[in-house]
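Just below is one structure, and these are the notes that go with it.
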Amino acid sequence: MTPPIHLLDEIDSTNAEARRRAESGDAASQWIVARRQSAGRGRRGREWNSDTGNLFATLLTLTAKPPVEAAQITFVAALAVADLFDAFAVPGVVSIKWPNDVMLAGDKASGILIESGLHANGALWLAVGIGVNLAHAPEGTERPATSLAAHLRTDIAYPPSIDAAATVLAEAFAVWQARWDSLGFEPILDAWTARTTGLDGPCVARLGHETVEGIAEGVAQDGALRLRIADGALRLISAGDVFFGSDAHGRAA
Ligand code: BTN
């Protein structure tokens with residue numbers, strides 16, 4: 001079943017709101033969606049541009065899974081965003097970049113930020129924050145960004161409204177989440193792998209305090225990126241900023 005969607009005009013951050021609700025004891029699965037965020041946050045402490053027209057959504061959900069397994073929800077989220085884009089974009093432009101950036105024609109068009117904590121009832125709460133560039137893309141980003149508006153099917157004049165996009169996203173998410181819950185991670189990883197590019201070529205991974213360069217060799221069973229480095233060793237990368245293919249060149253510094 002799809003959790004209810006709470007649509008707000010403005011909030012600091014839908015992830016921050018999800019955290020507040022979880023910490024105040026709210027245990028209901030729910031989507032928190034905002035038309036505008038005053039303090040939208042991205043990965044690694046970055047700001048997430050949150051002007052009106054794009055989708056800012058967070059699914060608050062509780063899980064009995066252990067934290068390492070619960071983190072797999074990031075792949076569920078990427079698949080749901082890819083389905084949302086598929087519903088409106090020209091065929092063939094949607095892809096995923098490890099682990100959860102959904103791209104349009106190779107440029108970033110969405111971002112996912114997952115936060116978690118321990119609920120008073122002992123379960124783990126997850127805030128799956130999803131930003132989707134429906135109408136516009138930020139300028140001045142390290143890599144070019146794009147929006148759905150720039151890749152719409154020719155029979156569609158405008159990107160979907162916030163309500164419509166949130167509904168499509170929530171329904172797609174519920175389908176993938178149910179599949180994950182009933183069948184485990186393997187079918188999720190298979191579907192994700194089929195949509196993901198760059199997993200078998202040059203790669204630079206910018207981690208917390210080091211930058212690692214090598215050749216990507218697909219993903220491990222838990223979704224970690226397998227990176228073969230120059231001395232022949234295999235590094236398993238679970239988080240970081242990763243650049244593939246021609247984007248990898250010149251990014252080792
Ligand atoms: C990234 O840096 O790629 C992740 C960006 C995540 C942005 C979304 S927008 C909805 C939710 N609320 C936030 O403050 N951040 C996430």
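Approximating the spin labels as points 7 Å out from Cα along Cα→Cβ, the Asp86-to-Leu236 distance works out to 2.9 nm.
Hey, with R₀ at 35 Å, roughly what FRET efficiency would Ala123 and Thr52 work out to, going by the Cβ-Cβ distance, to 0.05?
Working: r = 34 Å, r/R0 = 0.98.
With R0 = 35 Å, the Cβ-Cβ based efficiency is 0.50.
Subtracting the Cα-Cα distance of Arg153 and Arg36 from their residue separation scaled by 0.36 nm leaves 39.6 nm.
When the chain is described by a simple charge dipole with +1 on each Lys and Arg Cβ and -1 on each Asp and Glu Cβ, the residue from Pro187, Val168, Ile11 located farthest towards its positive end is Ile11. Once C-alpha pairs closer than 8 Å and six or more residues apart are averaged by separation and normalised to the residue number of the range 135-253, the relative contact order reads 17 percent. Normalised by residue count, the range 62-159 yields a Cα convex hull volume of 112 Å³ per residue. A simple spin-label model places the labels of Ala164 and Ala178 2.4 nm from each other, with each point 7 Å out along Cα-to-Cβ.
Once you have the alpha carbon radius of gyration of the range 202-252, what is it after dividing by 2.2 N^0.38 Å, with N set to its residue count?
Normalised Cα radius of gyration, the range 202-252: 1.01.
Neighbours of Leu199, meaning other residues whose beta-carbon lies under 9 angstrom from its beta-carbon, give a summed charge of -1 when Lys and Arg score +1 and Asp and Glu score -1.
Placing one equal scatterer on every Cα of the chain and applying the Debye formula, the log10 ratio I(q)/I(0) at q = 0.10, 0.13, 0.16 Å⁻¹ is -0.47, -0.81, -1.24.
In this Cβ point-charge picture (+1 for Lys and Arg, -1 for Asp and Glu), the range 5-195 has a dipole of about 300 debye about its Cα centre. Adding -39500 (n - 2.57) for every DSSP H run of four residues or longer, then dividing by how many residues the chain holds, sets the calculated 222 nm ellipticity at -8000 deg cm²/dmol.
Quick note: the coordinates plus some simple rules give every number you see, no bench work behind them. Since the model is a prediction, treat every value here as computed from it, not as a measurement. Note that each Cβ is placed from the backbone with ideal geometry, even for glycine, and that neighbours are counted across all protein chains shown.
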